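Peer 1: Before I ask anything, let me first share the structure, which is written out below as structure tokens.
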Amino acid sequence: MAPDPLATVDIEALLARMRPKLHRYCARMVGSVIDGEDVLQDALIKAMAALPSVSPVANPQGWLFRIAHNTALDFLRRRNRQEALHSAEEVDMIAGQLDDVESRQIAATSLRTFMRLPVAQRSSVILMDVLGCSLAEACDIMDFSLPAVKAALHRGRTQLRDFAAEPDDAPQPGLSEADRTRLNAYVGHFNARDFDAIRAMIADDVRLELVNRTKLKGKAEVSRYFGNYSKVSDWHLVTGQVEGRPAILVFDPNEPNKRPKYFMLLNWSADKLATIRDFRHAAYVIDAAEWVVDRG
């Protein structure tokens with residue numbers, strides 16, 4: 001069944017439904033679930049800004065993916081990782097169907113590994129093998145010819161097989177003592193529900209982003225955020241790392257041995273908590289994240 005034209009759909013409902021899938025694409029394109037959320041937010045802003053001027057769009061999902069794709073490329077350019085987008089040769093290589101095992105292996109590939117692929121190969125593999133797009137949809141999103149997408153897909157799959165055969169023995173750096181001390185203090189007070197102690201830790205001009213929900217500024221506004229957490233009991237905080245960054249992992253207290261449900265990022269200035277980024281309402285972000293509990 002063809003997607004409903006953009007003019008006939010509830011755009012807010014469409015964005016909410018598409019957000020996790022768009023994030024999967026953005027995160028793998030830029031190599032980070034955190035940066036991927038930033039790219040996604042930029043893409044959604046562009047989509048909303050373009051709405052008044054676009055003519056009826058026959059395929060709203062494809063339209064959103066094209067915006068996300070182009071926004072991810074802009075991000076990569078700004079990060080000075082410009083790569084060749086088009087192959088010099090457009091060989092009509094056969095992009096065959098993968099078996100279920102190989103499809104699952106590619107979908108589970110780490111974001112760091114995806115970043116080793118050139119942009120065109122990365123995009124084609126993500127669209128086809130992770131998100132299940134058709135060749136025609138991939139051509140439309142990437143603005144590539146069919147032979148170019150087939151060539152990029154073939155080369156990307158081949159490189160991922162080669163990467164999978166390499167040993168992954170690089171040690172992951174741990175937290176600094178300063179980060180560990182600050183995070184442990186925050187986590188300890190939070191788990192003890194001593195939110196007055198946490199309020200004493202935050203700067204007067206603290207900024208909070210409750211991702212996919214709201215932004216607050218200043219100690220008075222952010223204090224309401226802690227008040228909301230005091231009313232629920234579906235969380236237990238643990239000091240850790242996400243993608244090598246100091247982070248707080250949030251687990252279900254009834255299932256502490258499972259994956260974290262989401263995470264928080266904190267930034268400090270002059271020993272005061274300056275920013276909080278809480279992914280409680282964007283739990284999809286942690287799905288592909290590399291995370292670790294701090295053992296220090």
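The values are calculated or read from the model by the stated rules, or taken from the named source; none is laboratory data. Bear in mind the structure is a predicted one, so any value in this text is a computation, not a measurement. Here the Cβ is made from the backbone with ideal geometry for all residues, glycine too, and neighbour counts use every protein chain on show.
Peer 1: Could you tell me how many of the residues in region 273-285 are assigned to a loop (DSSP other than H, G, I, E, B) and surrounded by fewer than 16 Cβ atoms within 10 Å (Cβ to Cβ)? Full working, then the answer.
Peer 2: Going residue by residue through region 273-285, those that are assigned to a loop (DSSP other than H, G, I, E, B) are 279-282.
In the following step, the residues that additionally are surrounded by fewer than 16 Cβ atoms within 10 Å (Cβ to Cβ) were identified as 281.
Selection size over region 273-285: 1.
Peer 1: Out of region 31-61, which residues are farther than 23 Å from residue 285 by Cβ and either touching an Asp or Glu at 6+ places or on another chain (Cβ under 6 Å) or not in a helix (DSSP H, G or I) (or both)?
Peer 2: If the condition is that a residue be farther than 23 Å from residue 285 by Cβ and either touching an Asp or Glu at 6+ places or on another chain (Cβ under 6 Å) or not in a helix (DSSP H, G or I) (or both), then 54, 55, 56, 57, 58, 59 are the ones that fit.
Peer 1: Follow-up question, since we're still on this one. With of a type in the set (A, V, I, L, M, F, W, C) and surrounded by 16 or more Cβ atoms within 10 Å (Cβ to Cβ) as the only criterion, which of 232, 211 stands out? So that I can check it myself, show each step before the final result.
Peer 2: Values: 232 fails: surrounded by 16 or more Cβ atoms within 10 Å (Cβ to Cβ).
That would be 211, the only listed residue that is of a type in the set (A, V, I, L, M, F, W, C) and surrounded by 16 or more Cβ atoms within 10 Å (Cβ to Cβ).
Peer 1: Pairs needed: first member in region 249-271, assigned by TED's automatic domain parsing to the domain that holds residue 185 and among the aromatic types (Phe, Trp, Tyr); second member anywhere, surrounded by 14 or more Cβ atoms within 10 Å (Cβ to Cβ) and in a loop (DSSP other than H, G, I, E, B); C-beta distance under 6 Å; at least 6 residues apart or different chains.
Peer 2: That search, which allows pairs on different chains as well, returns 251/260; 262/279; 262/280; 263/279.
Peer 1: Then there's this: For region 1-58: of the residues being at pLDDT 90 or above and hydroxyl-bearing (Ser, Thr, Tyr), which is farthest from residue 156 (Cα to Cα)?
Peer 2: Step by step, filter region 1-58, then rank; the result is 32.
Peer 1: Okay, next question. So in region 158-177, with the set limited to residues that are touching a Ser or Thr at 6+ places or on another chain (Cβ under 9 Å) and part of a helix (DSSP H, G or I), which one is modelled with the lowest pLDDT?
Peer 2: In this case the residue turns out to be 164.
Peer 1: Based on this model, can you work out whether residue 180 counts as part of a loop (DSSP other than H, G, I, E, B) and touching a residue at least 12 places away in the same chain (Cβ under 8 Å)? So that I can check it myself, show each step before the final result.
Peer 2: Numbers: part of a loop (DSSP other than H, G, I, E, B): no; touching a residue at least 12 places away in the same chain (Cβ under 8 Å): yes.
Judged against the criteria, residue 180 is not a match.
Peer 1: While we're looking at this one, here's another question. Scan 288, 270 and give me the residue that is surrounded by 15 or more Cβ atoms within 10 Å (Cβ to Cβ) and either of a type outside the set (D, E, K, R) or under 22 Å from the mean Cα position of the chain (by Cα) (or both). Let's see the steps before the verdict.
Peer 2: Working: 270 fails: surrounded by 15 or more Cβ atoms within 10 Å (Cβ to Cβ).
Only one candidate passes the filter, namely 288.
Peer 1: Quick check, is residue 255 of a type in the set (D, E, K, R) and not in a loop (DSSP other than H, G, I, E, B)?
Peer 2: Values: of a type in the set (D, E, K, R): yes; not in a loop (DSSP other than H, G, I, E, B): no.
For residue 255, the condition - of a type in the set (D, E, K, R) and not in a loop (DSSP other than H, G, I, E, B) - is not met.
Peer 1: Taking residue 102, is it within 27 Å of residue 285 (Cβ to Cβ), at pLDDT below 60 and in the same structural domain as residue 36 (by TED's automatic domain parsing)?
Peer 2: Numbers: within 27 Å of residue 285 (Cβ to Cβ): yes; at pLDDT below 60: yes; in the same structural domain as residue 36 (by TED's automatic domain parsing): yes.
Yes; evaluated as a whole, the condition is true for this residue.
Peer 1: In region 215-241, which residue that is without any contact (Cβ under 8 Å) to a residue 24 or more places away in the chain and part of a strand (DSSP E or B) is nearest to residue 201 (Cα to Cα)?
Peer 2: It comes out as 217.
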